[in-house]
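Engineer: A single structure is presented below for examination.
Every number here is computed from the coordinates shown, using simple stated rules; none is lab data. In this text the structure is predicted, and so the values were computed from the model without any measurement. Cβ sites come from the backbone with ideal geometry, for glycine too, and all protein chains shown count toward neighbours.
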Amino acid sequence: MTINTKGTKHKQMKPVPDINVNVDQENALSDSELYSPDFEHHSDSMDMLDDELFEDVELLNIGTPDHTNNRRLARVRFLNDHLRITGEGGLVVSTPGFQNLSKGLKFEIVALLRAEQAFNHDNDPWQEHDFGTILVEEHVLLWKIDYFDIDRIGHSLDPSDPTVTSRVLTLMLATEY
């Protein structure tokens with residue numbers, strides 16, 4: 001799967017900080033390893049967050065003050081998809097329950113997360129692509145993207161602006177919610 005936005009070039013992925021708490025070391029896999037560098041993508045697209053990129057976006061106007069601007073919503077969705085697919089543009093963290101799964105199962109889960117495209121009004125009413133569930137074997141997993149200010153002290157004032165927003169993608173077992 002390749003993100004291709006206006007002919008951008010391939011760029012090496014940046015590492016994501018590890019968060020491991022009480023993890024079975026045999027199955028330990030850092031959060032940065034979940035998004036391996038051999039995954040081909042075009043991360044320079046982050047530099048193209050201008051209005052031209054979103055000119056042809058057609059989204060439903062769901063009538064709330066935060067989502068009446070389709071370009072703003074398109075930017076939020078683009079930034080969320082970028083983090084979910086590439087592991088870039090934010091912090092990826094996982095819970096101890098997720099970390100204790102086998103390495104193979106974790107890679108399968110992340111592959112499904114990257115490939116997720118079944119967003120609809122029932123599972124994504126705000127159209128931000130910021131939450132989902134994944135069923136693998138007997139495990140139900142949740143993923144969620146939260147928007148914080150740059151220092152991760154409070155909420156972001158504008159999730160559509162990556163200069164004032166720190167995105168955090170959390171992977172967890174549903175039983176840990």
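Engineer: Do you know which residues across segment 153-177 are exposed (fewer than 12 other Cβ atoms within 10 Å of the Cβ) and either in contact with a Ser or Thr (Cβ under 7 Å, 6 or more places away or on another chain) or closer than 18 Å to ASN80 by Cα (or both)?
Structural biologist: HIS155, LEU157, THR163
Engineer: Right, something else. All but one of (1) touching a residue at least 60 places away in the same chain (Cβ under 8 Å); (2) in contact with a His (Cβ under 8 Å, 6 or more places away or on another chain) hold for SER102, so report the exception by its number.
Structural biologist: Unmet condition: (2).
Engineer: I need the full set of residues from segment 100-124 which are exposed (fewer than 15 other Cβ atoms within 10 Å of the Cβ) and in a loop (DSSP other than H, G, I, E, B), in order please.
Structural biologist: Once the filter is applied, which keeps residues that are exposed (fewer than 15 other Cβ atoms within 10 Å of the Cβ) and in a loop (DSSP other than H, G, I, E, B), segment 100-124 yields SER102, GLN117, ALA118, ASN120, HIS121, ASP122, ASN123.
Engineer: Oh, and also: Tell me, which residue of segment 77-99 that is β-branched (Val, Ile, Thr) and under 11 Å from the mean Cα position of the chain (by Cα) is surrounded by the most Cβ atoms within 10 Å (Cβ to Cβ)? Break it down into steps so the answer makes sense when it comes.
Structural biologist: From segment 77-99, those β-branched (Val, Ile, Thr) are 85-86, 92-93, 95; that's our starting set.
Filter once more, keeping what is under 11 Å from the mean Cα position of the chain (by Cα): 85-86, 92-93.
Values: ILE85: 21, THR86: 24, VAL92: 28, VAL93: 16.
Selected residue: VAL92.
Engineer: Are any residues in segment 125-139 in contact with a helix residue (DSSP H, G or I) (Cβ under 9 Å, 6 or more places away or on another chain) and either surrounded by 13 or more Cβ atoms within 10 Å (Cβ to Cβ) or of a type in the set (Lys, Arg) (or both), and if so, which ones?
Structural biologist: Those that are in contact with a helix residue (DSSP H, G or I) (Cβ under 9 Å, 6 or more places away or on another chain) and either surrounded by 13 or more Cβ atoms within 10 Å (Cβ to Cβ) or of a type in the set (Lys, Arg) (or both): TRP126, GLN127, GLU128, HIS129, ASP130, GLY132, ILE134, VAL136, HIS139.
Engineer: Give me a count of the residues in segment 129-156 that are in contact with a Phe, Trp or Tyr (Cβ under 9 Å, 6 or more places away or on another chain) and part of a loop (DSSP other than H, G, I, E, B).
Structural biologist: Residues meeting the conditions: 4.
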